[in-house]
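Here's the structure, in structure tokens; my notes come after.
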Amino acid sequence: MHPKIGILALQGDFAEHVQVVKRLKAEPVLVKTPDSLASVDALIIPGGESTTISRLMKKSGIFPLLKRLVGEGLPVYGTCAGAVLLAKNTGDARVRPLGALDISVKRNAYGPQKESFEGAVAIVHGKARGRVIKGVFIRAPLITRTGRKVAILAVRKENGSIHPVAVRQGNVIATTFHPELTGETLFHSMLKELAERRQNEQA
């Protein structure tokens, strides 16, 4: 049975994630309520405006349920604003993060002069290690700290510095860029594998 992969559809570029999920032969489910969240095998938190998504998650009643489900092992993947919402520390009182990833992030870290750009992303962990993919960064956050249990999946080199741009901690994956805008399926495939494993465990 194809896993049901939810896409949080409160704000942001959720439609693009729907297309990637379909390409991977999984069933996309738009998540707008706690009931729809409770029905999925995994969840994607899309890019958008993290302060707005945070507010809408609280207003819709999704936040407490999602926090509990992530703690119980629900696979979750966040892109850009989604990465901010999954982080432990955001440095912004307007964002109520889930704290599912032991990372610190700085929102909109590249400043107005680089609000949107494309750059090379090097995969440094897992089966795809050694690949270089194109990353689309839109008002992207910067991961400024990673905890001991966080695996760095991909990095970006800039001005002599190396920054993590994709990370994973157990059932939680995050990228500061937007793979869904380039057709890259690597991270969505990871999420699908985790969802299938969870399906089998609960069967």
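Laboratory data are not the source of any read-out in this text; all were calculated from the coordinates shown. On a predicted model such as this, the values are computed, not experimentally measured, just so you know. Cβ atoms come from the backbone with ideal geometry, glycine included; neighbour counts cover every protein chain shown.
A few remarks follow.
- Taking amide H as placed 1.01 Å from N in the peptide plane, the amide H of VAL165 sits under 5 Å from that of ALA154, VAL155, ARG156, each at least 5 places away or on another chain.
- Stretched out straight at 0.36 nm per residue, the stretch from LEU30 to GLU72 would grow longer than its current Cα-Cα span by 13.0 nm.
- Summing charges over neighbours of LEU101, with a neighbour being any other residue whose Cβ is under 12 Å away from its Cβ, gives +3 when K and R count +1 and D and E count -1.
- Using the Karplus relation 6.51 cos²θ - 1.76 cosθ + 1.60 with θ = phi - 60°, the per-residue 3J(HN,Hα) values for the stretch 150-167 come to 8, 8, 8, 8, 8, 9, 10, 9, 8, 6, x, 9, 10, 10, x, 10, 8, 9 Hz, with x marking Gly and Pro.
- Backbone HN-Hα couplings from phi across the stretch 190-203 [Karplus 6.51/-1.76/1.60, Hz, Gly and Pro as x]: 4, 4, 4, 4, 5, 5, 5, 5, 5, 4, 5, 5, 8, 5
- Model label sites at THR182 and LYS157, defined 7 Å from Cα along the beta-carbon direction, differ in position by 1.6 nm.
- Excluding same-chain neighbours fewer than eight residues apart, the aspartates and glutamates reachable from LYS157 by a Cα-Cα span under 16 Å are GLU118.
- Global size of the stretch 103-203 as Cα Rg and Dmax, reported in angstrom: 14.2, 50
- Radius 14 Å from Cβ of ARG148, net charge of other residues (Lys, Arg +1; Asp, Glu -1): +3
- Summed residue charge, Cβ within 10 Å of HIS163's Cβ, Lys/Arg positive, Asp/Glu negative: +1
- Note: the stretch 4-202, Cα convex hull, 109 Å³ per residue.
- Derived scalar couplings ³J(HN,Hα) [the stretch 61-69; Karplus, 6.51 cos²θ - 1.76 cosθ + 1.60; whole Hz; x for Gly, Pro]: x, 6, 3, x, 5, 5, 4, 5, 5
- Straight-line cross-link reach from LYS59 at under 19 Å between alpha-carbon atoms covers these aspartates and glutamates, not counting any fewer than eight positions away in the same chain: ASP35, GLU49, ASP92.
- Within the chain, longest stretch clear of exposed trypsin sites (Lys or Arg not before Pro) (DSSP loop, no more than 12 other Cβ within 10 Å): 26-93
- Relative contact order (percent, whole number), the stretch 4-202, Cα cutoff 8 Å, 6+ residue spacing: 20
- Hits among lysines - C-alpha to C-alpha of LYS25 under 21 Å, sequence gap 8 or more where chains match: LYS4, LYS127, LYS192
- Modelled this way, with points 7 Å down the Cα-to-C-beta line, the labels at ARG131 and ARG94 are 3.6 nm from one another.
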